[in-house]
1. Against the 2.2 N^0.38 Å scaling, with N counting residues, where does the chain land? I'd like the Cα-based Rg ratio to two decimal places.
2. Over the chain, what is the relative contact order in percent, taking alpha-carbon pairs closer than 8 angstrom and at least six residues apart?
3. Considering only DSSP beta bridges whose two residues both sit in the chain, what percent are antiparallel, to the nearest 5?
4. Amide H to amide H, which residues 5 or more places from ASN82 or on other chains are under 5 Å from it, using H placed in the peptide plane?
5. Report, in debye and to the nearest 20, how large the dipole of segment 6-113 comes out about its Cα centre when Lys and Arg carry +1 and Asp and Glu carry -1 on their Cβ.
6. Can you show me the helix-derived [θ] at 222 nm for the chain, built from DSSP H runs with n ≥ 4 at -39,500 (n - 2.57) apiece and divided by the number of residues, rounded to the nearest 500.
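Read-outs: derived from the displayed coordinates by stated rules, not from any lab. The shown structure was predicted, so the numbers you read here are calculated from the model rather than taken from an experiment. Reconstructed Cβ throughout: ideal geometry from the backbone, glycine too, with neighbour counts over all protein chains shown.
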Amino acid sequence: MIKPYLYVEKTKKKGRGVFTKERIPAGTLIEVSPVIVLSYDDTEIVDKTKLHNYIFLWGVRETRSCVALGFCSIYNHSYDPNCEYEMDFDADTMSIKTRREIKKGEELSINYNGEVTDTSPVWFDVKRS
């Protein structure tokens, strides 16, 4: 399930991103998408490819990874994201929910660290290292 008002568009600095054609209230579930779970060995292989930037660690111990379908892997990172994601390890799905009201035309973002308040540097943010 992806809300019909979401769309993917190129951004000036971050490649592609997810945007909205409508205002979205805080606390709105905007996406629930299936994931493809990768084993530890498959994760090591994918980590050596361009897909490394699009996978999420998976499982309680984060020993595996997943490729999220839908728009999940296209949301850009923010240390103050307007959305958060939740993983359902039993159903093999990821959900995206808004943290605050989103304005029409605004880009939606998640914190790649998993926890919305985690401001530790992510792998591509050399300025913060």
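1. Details: Rg = 14.4 Å, N = 129, 2.2 N^0.38 = 13.9 Å.
The reported ratio for this selection is 1.03.
2. Values: 255 pairs, mean separation 38.1, N = 129.
The value is 30 percent.
3. On the way: 28 of 30 bridges.
The answer is about 95 percent antiparallel.
4. Amide H to amide H, under 5 Å and 5 or more residues apart or across chains, ASN82 pairs with SER109.
5. Details: 16 positive and 17 negative charges, 146 e Å.
I would put it at about 700 debye.
6. Details: 1 runs with 7 residues, N = 129.
Theoretical 222 nm ellipticity from helices: -1500 deg cm²/dmol.
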